[in-house]
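Q: To start, I am sharing the structure in question, which I have written as structure tokens.
The values are calculated or read from the model by the stated rules, or taken from the named source; none is laboratory data. Everything quoted here is computed from the prediction, not taken from an experiment. Virtual Cβ from ideal backbone geometry, glycine too; neighbours counted across all protein chains shown. For the accessible areas, the whole protein counts, side chains as well, though only heavy atoms, and no ligand, DNA or RNA atoms are used. Shrake-Rupley method; radii C 1.70, N 1.55, O 1.52, S 1.80 Å.
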Amino acid sequence: MEVFEKDVRLRVTISIGGSFIKPDKSETPKTIIKRTDDALYQSKENGRNRCTLL
């Protein structure tokens, strides 16, 4: 998306990382956050402006 502010063109992109929570109770908040963070960095490494779910 492009946004214009005071005659300056700004390009805005977004990279999103998401994670499915496994139904077993062996996951902790820490492992879910780590997997989500890994997904975000995969989105950025694969060209940005995308969504990755793990």
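Q: Check whether at least one residue in segment 26-38 is in contact with a strand residue (DSSP E or B) (Cβ under 7 Å, 6 or more places away or on another chain), loosely packed, with under 12 Cβ neighbours inside 10 Å and not β-branched (Val, Ile, Thr), and report yes or no.
A: Within segment 26-38 (the criterion being in contact with a strand residue (DSSP E or B) (Cβ under 7 Å, 6 or more places away or on another chain), loosely packed, with under 12 Cβ neighbours inside 10 Å and not β-branched (Val, Ile, Thr)), the answer is no, since none of the residues qualifies.
Q: Looking only at segment 39-54, count every residue that is under 21 Å from MET1 (Cβ atoms) and open to solvent by 100 Å² or more (accessible area, probe 1.4 Å) and tell me the total.
A: So in segment 39-54, the residues under 21 Å from MET1 (Cβ atoms) come out as 40, 43-44, 46-52.
Add one more test, that the residue is open to solvent by 100 Å² or more (accessible area, probe 1.4 Å), and what stays is 48, 50.
Residues that pass the stated criteria total 2.
Q: Let me ask another. Any idea how many residues of segment 11-29 are of a type outside the set (Gly, Ala, Ser) and at pLDDT 95 or above? Let's see the steps before the verdict.
A: Our first condition is that a residue be of a type outside the set (Gly, Ala, Ser); within segment 11-29, this holds for 11-14, 16, 20-25, 27-29.
From what's left, at pLDDT 95 or above: 16.
Adding up the residues that qualify gives 1.
Q: Tell me, please, whether a residue that is among the small types (Gly, Ala, Ser), at positive phi and without any contact (Cβ under 8 Å) to a residue 24 or more places away in the chain can be found in segment 22-34.
A: No - not one qualifying residue is present in segment 22-34.
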